[in-house]
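Read the figures in this text as sums done on the coordinates, not as results from a lab. Everything numeric here is computed off the predicted structure, so don't read it as measured data. Positions of Cβ are backbone-derived with ideal geometry, glycine not excepted, and every protein chain shown enters the neighbour counts.
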Amino acid sequence: MCAQFHPLDDLIVSASLDQTIRVWDISSLRQRSPAGGDAAGDMQIRGLINQARGNIPAAVNADIFGTGDAVVKYLLEGHSRGVNWVSFHPTLPLIISGADDRQVKLWRISETSAWEVDTFRGHLNNVSCTLFHPRQDLVISDGEDKTIRVWDQNRRTCLHTFRKESDRYDAKGPIGRL
């Protein structure tokens, strides 16, 4: 399970064991700002990031998260088992997810709706992580089948499989050069 901030918009995407993906609208955190300006809103967003790192006192934590300011904008259903990882595309209105159903799913979001676009199949065990390449039309996934797979985002085909027989990969960081 994971959560990620959108690179540009006031959104968070989260993965859950209840087989769903939620896209959260956090724009009201900016609007709630006492100063009413972007700088204060940016401070609150930075505060959320710091909170995730454990750097904010509990009282501030309760103030930010205990008021219902983050609302679910979209509830995405399509995985048949728990969702382990979800990521926003860095520039396009896309989300990629991986789950215990051994599938990687591509989702599209718009201003008014979100839907499943396609499924990448090939992992033989749970998918642990999924990421978009920052500059190419590639998706990377790693699974408990001891593989990392590189997918063509447009054709939805596996381009390469890296296999490790004695141990499994753990690819949960930013992608470097491929």
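Before moving on, here are some points about what is shown:
- Under a 5 Å amide H cut-off, with hydrogens placed 1.01 Å from N, Trp85 pairs with Gly98 among residues at least 5 apart or on other chains.
- Cα-derived Rg to Rh of region 92-132, Kirkwood definition: 1.02
- Stretch gain in nm, segment Arg108-Arg156, where the contour uses 0.36 nm per residue and the Cα spacing is subtracted: 15.9 nm
- Distant-in-sequence amide contacts of Val104, defined by a placed amide H-H separation under 5 Å and a gap of 5 or more residues or a different chain, comprise Phe120.
- Take the Cα of Ser166, step 7 Å toward its Cβ, do the same at Glu116, and the gap between the two points is 3.9 nm.
- Highest-first arrangement of 149-159, 94-104, 127-137, where packing means the average Cβ count within 10 Å: 94-104, 127-137, 149-159
- All aspartates and glutamates inside 18 Å of Lys164 as judged from Cα atoms, apart from same-chain residues fewer than 8 positions distant: Asp142, Glu144, Asp145
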